[in-house]
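For reference, the structure discussed in these notes is given below.
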């Protein structure tokens, strides 16, 4: 009966109580731990590249295959993984499942090294990739569920920061760990034991997934996050707007200038800058160190200022400067990698939250999955290409290739800026403008619901006619009239609507 249901005020109070205080901070900490293990183990090959190539007798092309095969399954499975979170598993069980797959993949990868089987290592990285990218989708979903609103950019920054701590610890620690294990084992056996020890970080992330799932009741989460009971479908993809697909392009052409650089950077620094093995490892890790340190700051900055597309463009430009310095100068890699790390953290903190602004919440798992699937398609192909470039033409040509990709990313960011400005302008609004825009949109929805109730009560008209969706164009005109901008005469009706809905 209706009388037994909690009121809207009571529901709001429960929501605030459930999402406040220590519980939210605990959830944030566990969300950060989710990605620690997968990021730590993802760059295991890059941390000890020479040990991999010597112990397993690999060429540079074969070595980069360890990264490419990670990306291959996610061309399809990553976006299906996001859809399964939305439609089948739910966020709690899906996160635990993907974290478990990460553990299995790392164990198989380590076993391949231990038994001197490169094929088994590739199988392990394939399995690891299935879980790793889908786990990242789940992590993004959790961030939106708990922190949608003005804190979202900061939370994305913190998650990236903690993930990069995992990558940094890997780059700094795995070499000394290998040297310690080498006292007891030799060759591929030593490599395998080292990778088995690294699996402990994935087990820690699995535990975080279990604990995070216990914090939220599945039934309550579903009702809260999708109050209209809308259901995600694979066919929703065709309705994603142009901006989303442009974001996906940046996800490919920008990130191929980051991850392959980390994978191949250590040997590059040793050869061009004549650095020792230890110094090259530290220089390679600087990107992740600065990214980890600056990510919370960049997220907070974007939260306070808005202007996401502006910050994305600035980040890409900064990365171009860093790669140009690596290619054409002998400036210390510590400086150039620091610059790239700061720019990278700013991009991640401003780019990924854009998806949550343009995609409905019940479709976010699918949307993030599609974005990462496309990213992995690009990374899978281009990572192999980078190995071939190094084998055939050297590291200078590799840097020119990175610069080409980054200029494509910058042009795409400009395209997003222009497209957004010609429509509702939401993505590059400052915070005050965005909050006003959201209020107008919410008020319009409330007005539509009131009209529907009056139609149902009076029996006049069609509820389908009343609930025609408000276009971005209409919402934008309401916003402009609300802040006092003059509208053309043929748009005058929108001005009255804007003020009526805000009363």
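The values are calculated or read from the model by the stated rules, or taken from the named source; none is laboratory data. Bear in mind that the values here come from a model prediction, so they are computed numbers and not experimental data. Please note: Cβ atoms are built from the backbone with ideal geometry, for glycine as well, and neighbour counts cover all protein chains shown.
Select from the range 55-74 the residues that are surrounded by fewer than 19 Cβ atoms within 10 Å (Cβ to Cβ) and assigned to a helix (DSSP H, G or I) and write down the one among them that is modelled with the highest pLDDT. Result: 62.
Looking only at the range 101-149, residues that are at positive phi and touching a residue at least 12 places away in the same chain (Cβ under 8 Å) come to 1 in all. The single condition among (1) free of Cβ contacts under 8 Å to residues at least 40 places away in the same chain; (2) assigned to a helix (DSSP H, G or I) that residue 183 does not meet is (2). Would a scan of the range 367-374 turn up a residue that is modelled with pLDDT of 80 or more, in a helix (DSSP H, G or I) and closer than 24 Å to residue 324 by Cα? No, the range 367-374 contains no residue that is modelled with pLDDT of 80 or more, in a helix (DSSP H, G or I) and closer than 24 Å to residue 324 by Cα.
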